[in-house]
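The values are calculated or read from the model by the stated rules, or taken from the named source; none is laboratory data. It should be emphasised that the depicted structure is a prediction, and the values quoted were computed from it without experimental measurement. Cβ coordinates were reconstructed from backbone atoms using ideal geometry, including for glycine residues, and neighbour counts include every protein chain displayed. Please note that ligands, DNA and RNA were not included when accessible areas were found on the heavy atoms of the full protein model with its side chains. Shrake-Rupley method; radii C 1.70, N 1.55, O 1.52, S 1.80 Å.
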Amino acid sequence: MSPRSLTVDESLLRRMARDAAIYSLTRPSALVMWFALAGALVLSILNLSAPVAPGEEAPFAAGWMPVIIAGLAGFAVFMSISGARTAVRIAMPVEQVVWVALEDDRLQMGSGRRRSDIDYRTFQKMHVGKDAVLLKLRDASVATAIPRALLTDDDIATLRSKIS
């Protein structure tokens, strides 16, 4: 495939970061975190209505636990979005030309003067969002983001067959 390219703008970066944040917040490890936080929130709310023996006070932190847990959940969302924006912005600065080419054994991509040749075996799985295609690296928690506009449906099918 001959390289396809586009110029990155602020809107594309925001949309790609949104796709990356959604991916980050819905991965299996993140889902475990969400279930744990939901369980802790339910328990802390139930603890608020637990009977207290006459003459005793409820634990001081009991009233604050739901607020603290909700704050932790909000912080996790904020950090995921912030991290996704930073990663996408570093990889593809605004006004840079980004390009991608699918070869028989590797993916070639570049931004500005940077160029990467990555074997398909390097990727563990792929997630296709509305504006970004995310390729998770094997044995790592990071993913490579490619603007969805650079890949046709046939390109995505080819990537899926080479990655799985």
| Carbon and sulfur together cover what percent of the accessible area of the range 8-113 at a 1.4 Å probe radius? | 69 percent
| Distance in nm between pseudo-label sites at L25 and R89 (7 Å out along the Cβ direction from Cα) | 1.9 nm
| field | Residue-normalised accessible area of the chain, given per residue in Å² at a 1.4 Å probe | value | 60 Å²
| field | Simple spin-label estimate for S161 and D105 in nanometres, 7 Å along Cα-Cβ | value | 1.9 nm
| query | So which trypsin sites (Lys or Arg not before Pro) in the range 65-164 are both in a DSSP loop and have at most 12 other Cβ atoms within 10 Å of their Cβ? | reply | R113, K130, R138
| said: Test of understanding: in a Gaussian network model of the chain with alpha carbons linked when under 10 Å, which of V98, V67, V52 would top the mean-square fluctuation ranking? | reply: V52
| remark: 1/(1 + (r/R0)^6) with r = Cβ-Cβ of L37 and R115, R0 = 35 Å, i.e. FRET efficiency to nearest 0.05, evaluates to 0.30
| note | Placing each pseudo-label 7 Å from Cα in the direction of the beta carbon, A76 and A62 end up separated by a distance in nanometres of 2.5 nm
